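Encoded as structure tokens, the structure appears first; notes follow it.
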Amino acid sequence: MDANTKRHLLLTGMMGSGKSTVGPGVAKALKWDFYDLDAEIERTAGKSVAEIFSQEGEGYFRRLEYECLESLLGSPRPSVISLGGGTLLDERSRAKVRDHWVVWLDLAPEELWRRVQKTQRPLAQKDFEAFRALYAARRPVYRETQTFYLRCDHLDPDQIVHRILPLVQEGAS
Ligand code: S3P
């Protein structure tokens, strides 16, 4: 599928990369819908991501995550969707997102780790070495799936939005 037929814009990257912060700004500028996949999962389950992990386990969370992604991608209206950091680990999800723009927001693991401190993220509760190992293991997955790579260490959210917009606007023209 070429750029002219792509419909949704998906933001991927590790926990703390700014997907949920930047997504609404991109959607607003494009006048598209915005969805945060974690928020959709929480709405569907009626509980927080941390509660789903602790009560039902990661496997159950991943199933819900796939179902919610599938449902959002089915929307005929163009949307910006902030994925979870682990969404694209599922091969079926990777296959689904190939028809859309996938923007990988990347930062140094030290900065990602700093940002996720004092949050409830279930997969960031150990030490930095465990987090760095997760980052290293996921990079090939993000790399394989992305259509656009953005290194964000020295960019504020507005600058990130303005780097993303031309991708879609040029693709759509
Ligand atoms: C996860 C990232 C989280 C959330 C869940 C699992 C992951 O989303 O989906 O805690 O596997 O990296 P964010 O990337 O928005 O923090």
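Of all residues in segment 78-89, those satisfying the criterion of being within 16 Å of the ligand (Cβ to nearest atom) and either more than 13 Å from the chain's Cα centre (by Cα) or within 17 Å of residue 27 (Cβ to Cβ) (or both) are 80, 81, 82, 83. When segment 10-39 is limited to residues that are away from the ligand (no atom under 16 Å from the Cβ) and not in a helix (DSSP H, G or I), the one that is most open to solvent (accessible area, probe 1.4 Å) turns out to be 31.
Output the residue which, of all residues in segment 103-113 that are surrounded by fewer than 24 Cβ atoms within 10 Å (Cβ to Cβ) and either part of a loop (DSSP other than H, G, I, E, B) or of a type in the set (Val, Ile, Thr) (or both), is farthest from the chain's Cα centre (by Cα). The qualifying residue farthest from the chain's Cα centre (by Cα) is 108. Taking the numbered list (1) open to solvent by 50 Å² or more (accessible area, probe 1.4 Å); (2) of a type outside the set (A, V, I, L, M, F, W, C); (3) within 16 Å of residue 161 (Cα to Cα); (4) within 13 Å of the ligand (Cβ to nearest atom) in turn, residue 42 passes all entries but (3).
Applying the set (1) at pLDDT below 95; (2) hydroxyl-bearing (Ser, Thr, Tyr); (3) within 14 Å of the ligand (Cβ to nearest atom) to residue 75 leaves exactly one unmet item: (3).
Remark: pairs (first residue in segment 119-131, more than 10 Å from the ligand (Cβ to nearest atom); second residue part of a loop (DSSP other than H, G, I, E, B); Cβ separation under 8 Å; 6+ apart in sequence or on different chains) are absent.
Assess whether residue 92 counts as being in a helix (DSSP H, G or I) and either basic (Lys, Arg) or closer than 29 Å to residue 55 by Cα (or both).
Judged against the criteria, residue 92 is a match.
Just to be sure before I move on: is residue 72 in contact with a strand residue (DSSP E or B) (Cβ under 7 Å, 6 or more places away or on another chain), within 23 Å of residue 24 (Cα to Cα) and part of a helix (DSSP H, G or I) in the structure I sent? I'd like the intermediate steps shown before the answer.
Values: in contact with a strand residue (DSSP E or B) (Cβ under 7 Å, 6 or more places away or on another chain): yes; within 23 Å of residue 24 (Cα to Cα): yes; part of a helix (DSSP H, G or I): yes.
Judged against the criteria, residue 72 is a match.
The values are calculated or read from the model by the stated rules, or taken from the named source; none is laboratory data. Values in this document were obtained by computation on a predicted structure and should not be read as measured data. A quick note on method: Cβ atoms are made from the backbone with ideal geometry, for glycine too, and the neighbour counts reach across all protein chains shown. In case anyone asks, the SASA skips ligands and DNA or RNA and just uses the protein heavy atoms, side chains included. Shrake-Rupley method; radii C 1.70, N 1.55, O 1.52, S 1.80 Å.
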